[in-house]
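Right, one structure below, let's go through it.
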Amino acid sequence: MSNTLDASGAGSDTPNLDFAGTTPYEDYVQADVLTHLQHLRSDDPGEMVFLVTTQVMELWFTVIVHEWETAAKALREDRVPVAMDALKRSLRELEALNASWRPLAQLTPAQFNSYRGALGEGSGFQSAMYRRMEFLLGEKSASMLVPHRGAPRVHAELEKALHEPSLYDEVLRLLARRGLPVPQSVLDRDLSRRYEASPEVEAVWTALYEDPDAHPDLHRLGEALTDVAELVWRWRNDHLVATRRAMGAKTGTGGSAGVSWLEKRAQKNVFPELWTARSHV
Ligand code: HEM
């Protein structure tokens, strides 16, 4: 450790100022890299917060994918408390992710138009990390790999995620190992396809919710997953409302119908049987 010097050079208990190379903070955080990735494409002063909010969300997507992959692995190894810890962390992270809508939530069409042209055909729809989140939630689709053909690393990561069990697949496998009647067809499903709700799985959750004491850890797992699903639903809906305010019914930069396309996406329920089972308890 170097000497502790204050700005006047006197020894004191103030922080170190003297480093031979870059600061240890920089070596760890790479703040210099991170804060020079804001390559603006217009003269509009409002573009900066649009770009940085998008980058911040990408970082949160990355953390959340890490948590859900940790949870999926722990479930595979029957380590439910480790999975619960990761899921609980992801809840606080999803709240922080959702709070980052605030700076963009009230964009007017004129404000958005000031830099919309600079985005070209760029759209969050092309976010590979968001797609990995969706895959982990069971919303698999091979066609979502197509936009990433030109980026080998991203494409390979997405392809791997497409064929791996989702977080929900791991949950259902755990329920089966614990003796609950999850149908074999669900356990053997083609993992690269979107998860489709099953009446038998709904019955399994109904039983777990009717008698929480029978499998208290699985009941708590169900509630943590419901919290995840609710916060993902909130992200989708906050995005939808921000989009509706910023561009009405115009088509998206990514080429979709815009709000009407997002409405359909936002209607889907994550972990569907955890919601429908509630009607039967
Ligand atoms: C208020 C500004 C925004 C508007 C007007 C907007 C608009 C849109 C539209 C119209 C779509 C549909 C695809 C298309 O045609 O482009 C879309 C998709 C998407 N946007 Fe945004 N967006 C905004 C901000 C953001 C931000 C900050 C993020 C953060 C990364 C984001 C992430 C996404 C994602 C992940 C999708 C794909 C959703 C899915 O696959 O279901 N958007 N956006």
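What follows is calculated from the coordinates using simple rules that are stated; it is not laboratory data. Since this is a predicted model, take the numbers as computed values, not measurements. For neighbour counting, all protein chains shown are included, and Cβ atoms are generated from backbone atoms with ideal geometry for every residue, glycine included.
Here is how the numbers come out for the structure above:
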{"quantity": "Whole-number D in µm²/s for segment 25-111 (Stokes-Einstein; Kirkwood sum over Cα pairs; 20 °C, 1.002 mPa s)", "calculated": "140 µm²/s"}
{"quantity": "Alpha-carbon Debye profile of segment 68-209, log10 I(q)/I(0) at 0.13 Å⁻¹", "calculated": "-0.74"}
{"quantity": "Between 0 and 90°, nearest 10: helix 199-210 axis offset from the chain longest Cα axis", "calculated": "80 degrees"}
{"quantity": "For segment 273-279, Karplus couplings with θ = phi - 60° (6.51, -1.76, 1.60), whole Hz, Gly/Pro x", "calculated": "5, 5, 8, 6, 4, 4, 5"}
{"quantity": "Alpha carbon convex hull of segment 95-159, projected area averaged over orientations, nm²", "calculated": "5.9 nm²"}
{"quantity": "Rg ratio (alpha-carbon, reference 2.2 N^0.38 Å) - the chain", "calculated": "1.20"}
{"quantity": "Helical mean residue ellipticity (222 nm; -39500 (n - 2.57) per DSSP H run of 4+; nearest 500) of the chain", "calculated": "-18000 deg cm²/dmol"}
{"quantity": "GluC sites (Glu not before Pro) lying in DSSP loop within segment 105-146, provided at most 15 other Cβ fall within 10 Å", "calculated": "121"}
{"quantity": "Volume per residue that the Cα convex hull of segment 85-131 spans, once the total is divided by residue count, Å³", "calculated": "83 Å³"}
{"quantity": "Cα gyration tensor, segment 157-242 - rounded (a/c under 1.5), prolate or oblate", "calculated": "oblate"}
{"quantity": "Ordering of 148-155, 270-277 by packing [mean C-beta count within 10 Å, highest first]", "calculated": "270-277, 148-155"}
{"quantity": "Dipole magnitude of the chain, debye to nearest 20 (Cβ charges: Lys/Arg +1, Asp/Glu -1, about Cα centre)", "calculated": "1080 debye"}
{"quantity": "Computed over segment 222-272, Cα set: Rg, Dmax in Å", "calculated": "12.5, 39"}
{"quantity": "Choice from 234, 116, 41 showing the highest fluctuation, given a GNM over the chain with Cα pairs closer than 10 Å", "calculated": "41"}
{"quantity": "Residue of 162, 34, 172 that the Gaussian network model of the chain assigns the largest fluctuation, springs spanning Cα pairs under 10 Å", "calculated": "34"}
{"quantity": "Among 48-58, 209-219, the order from most to least packed when residues are scored by Cβ within 10 Å on average", "calculated": "48-58, 209-219"}
{"quantity": "In order through segment 224-233: 3J(HN,Hα) via Karplus (6.51 cos²θ - 1.76 cosθ + 1.60), integer Hz, x for Gly, Pro", "calculated": "4, 5, 5, 4, 4, 4, 5, 6, 5, 4"}
{"quantity": "HN-Hα J in Hz across segment 237-242 - Karplus 6.51, -1.76, 1.60, θ = phi - 60°, x for Gly and Pro", "calculated": "6, 5, 4, 4, 5, 4"}
{"quantity": "Rounded, prolate or oblate (a/c below 1.5 giving rounded, otherwise prolate when a/b exceeds b/c) for segment 1-151 by Cα gyration tensor", "calculated": "oblate"}
{"quantity": "Most mobile listed residue (97, 119, 191) in the chain, GNM with C-alpha springs under 10 Å", "calculated": "119"}
